[in-house]
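Taking it in order: structure first as structure tokens, then the write-up.
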């Protein structure tokens, strides 16, 4: 039996905030921040959007583009670090909105920025074990950042949804290997009831992101007996513009393999949706038999690695909903509007 | 005064996330024991220089904490004098051997700062300031910015001259494998760096660091070491800067320097190499003037003209890279300064060796000068 992606959908909120509009508020030179983080603008949710509405927008696009009824969905797993409720699942609200019925397994996952890829591994394992035929996974975040925290420049919003199935019909990409690397590493956290996350500054780099992504990646290469040159594309979690470029180079991938996945250059870091949106952007252009290498990262900390084999050529006529089109539909807002939309004033 | 230095060592300074204070103490103590050839049962007392174990680490009983870790059932005590804790620990350790009570003692300067959030560290460091300064929300960068502004107004000191202090100390640190920053800086990079508290920019400021330094001191004759402490002189002044007559000089540093030169029987012109407390670049300029290396108002230009650079001028200042580039684990700093001068006089300072150095000085400041400890070391 095999498992693969049979459809996907994404959603990027309309609003954008430029780094050059944030930096001067805090007495920083925009050029310093942009060159330090490798980010120029970020997506921002509107006043009436949250992780549930973002998840729905991506999921309905995935469901509509699949040749199947919503009632055929056997499981819904939603990964986020901004679930609106501490207790009350996002996944069942989503199931209700999608008209999935009631015969499905639902769960919310939280593992900082990697909960979405963990959902993908969990659901694909359920499919492979024969427990279910088709499951929906979503990574959705309306990311929090305290004003004046360096996270404010990168914390963005977005979502990506994938239908994972044993069906060979309309299979877009086969998932043929996964691996994980986890440890108790306190680089970034948010306690229950606390509004904004805390982080360990530079500690989030080498002992956290790089250690976990590199270990998961090397395990995945060893497990699949593949080398970086075998892949057409690579995708890494994008907390800023620099880290994915650095880790790709360290692992022996080229910037050409990496470039198509870099959603951070358009919208910043939508936390759980980051690597999944990178995957969607790659699938928008990938051709039959291309191999895709992906490693996520979640603080706390862990990385999931996945290898995909593309089973069809990307459609020549691009849907209005592909990443590049959604990313180009945007409206710039001021820093004050941002504070209002994010309920900071 | 004649207290022999038997051994001196430091750990690497920096963001040492993989090493606990216990491990750092073990590492550095093992080095000095090895260097001195002493078994640990020969150590009769431990003097620990540390500032923040209470406010950040929630550990008040630091003497026993480290004597337990080192397996030494000897008198052990924490000495706290803000960023001069290390220098004060050396002073008290020296007194203890001069008194004849102990023959050989261990001085351990140690601080763990980077495991905590910067705002926690800043708040804890402000424990060294006056109530009034804390109530106004001042930070040490803000207080030294006021000092810098006063110096600029009175002596026409420029931001470029201050920046040169950072350039020099980063150059020296590039020759020190134990330094936190081993990459040289350009004048332009310092001047273009983010403003922390005008006129001080980020590259005018010393970093938050982890690290440890250790010395073994002895009062015995014929120890085999020819390096000794010829003067150990602390002094104090008001906690806050608002009560001072002059912001462009630290009274404690002037008093302690005068005392130290008197104890050692030498003057500023005799010093070959010095480690001074450059917590901010302006602090090194003022230190040069307070110690008497340069006339008041002349130090900034002298440093700019490289008169204190390795292989160029004399005295060579902050060969370790200073606090600015070697790092500033506050309780370790004063001990590290003495270790650096010891290595210089012994001729084992590596690429940063000052040729033919026989007399060296250390200048360790707590707060904005509420405490200053000066040591002078000589080679027989």
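Miscellaneous remarks
- Restricting region A:258-300 to residues that are more than 12 Å from the chain's Cα centre (by Cα) and either in a strand (DSSP E or B) or assigned by TED's automatic domain parsing to the domain that holds residue A:83 (or both), the residue that is surrounded by the fewest Cβ atoms within 10 Å (Cβ to Cβ) is A:291.
- Exclusive hit being away from chain B (no Cβ under 14 Å) and not in a helix (DSSP H, G or I), set A:240, A:215: A:240
- One residue from B:183, B:196 being closer than 27 Å to residue A:30 by Cβ and part of a strand (DSSP E or B): B:196
- Residue check, residue B:214 in the same structural domain as residue B:23 (by TED's automatic domain parsing) and not in a helix (DSSP H, G or I): yes
- Residues that are surrounded by 24 or more Cβ atoms within 10 Å (Cβ to Cβ) and touching a strand residue (DSSP E or B) at 6+ places or on another chain (Cβ under 7 Å), drawn from region B:267-278: B:271, B:273, B:274, B:275, B:276, B:277
Yes/no per residue for (1) under 17 Å from residue A:107 (Cα atoms); (2) in contact (Cβ under 8 Å) with a residue 60 or more places away in the chain; (3) within 14 Å of another protein chain (Cβ to nearest Cβ):
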| position | (1), (2), (3) |
| --- | --- |
| A:30 | no, no, yes |
| A:43 | no, yes, no |
| A:58 | no, yes, no |
| A:69 | no, no, no |
| A:87 | yes, no, no |
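- Verdict on residue A:223 being in a helix (DSSP H, G or I), surrounded by 16 or more Cβ atoms within 10 Å (Cβ to Cβ) and away from chain B (no Cβ under 14 Å): no
- Region B:234-266: number of residues that are in a helix (DSSP H, G or I) and either modelled with pLDDT under 95 or surrounded by fewer than 21 Cβ atoms within 10 Å (Cβ to Cβ) (or both): 7
- Those residues of region B:9-20 which are within 19 Å of the chain's Cα centre (by Cα) and either part of a helix (DSSP H, G or I) or away from chain A (no Cβ under 14 Å) (or both), in sequence order: B:9, B:10, B:11, B:12, B:13
- Residue in region A:157-205 that is surrounded by the fewest Cβ atoms within 10 Å (Cβ to Cβ), counting only those that are within 14 Å of chain B (Cβ to nearest Cβ) and assigned to a strand (DSSP E or B): A:184
- Among residues of region A:3-28, those that are over 22 Å from the mean Cα position of the chain (by Cα) and surrounded by 16 or more Cβ atoms within 10 Å (Cβ to Cβ), counted: 4
- Looking only at region A:212-227, residues that are farther than 15 Å from residue A:177 by Cβ and either touching a residue at least 60 places away in the same chain (Cβ under 8 Å) or touching a strand residue (DSSP E or B) at 6+ places or on another chain (Cβ under 7 Å) (or both) come to 3 in all.
- Enumerated helices (runs of 4 or more DSSP H) restricted to region B:267-376, each holding at least 1 residues that are touching a helix residue (DSSP H, G or I) at 6+ places or on another chain (Cβ under 8 Å) and closer than 23 Å to residue B:177 by Cβ: B:281-291, B:322-326, B:330-346
The values are calculated or read from the model by the stated rules, or taken from the named source; none is laboratory data. These numbers were taken from a predicted model, which means no experiment stands behind them. Ideal geometry is used to build each Cβ from the backbone, glycine not excepted, and the neighbour counts take in all protein chains shown.
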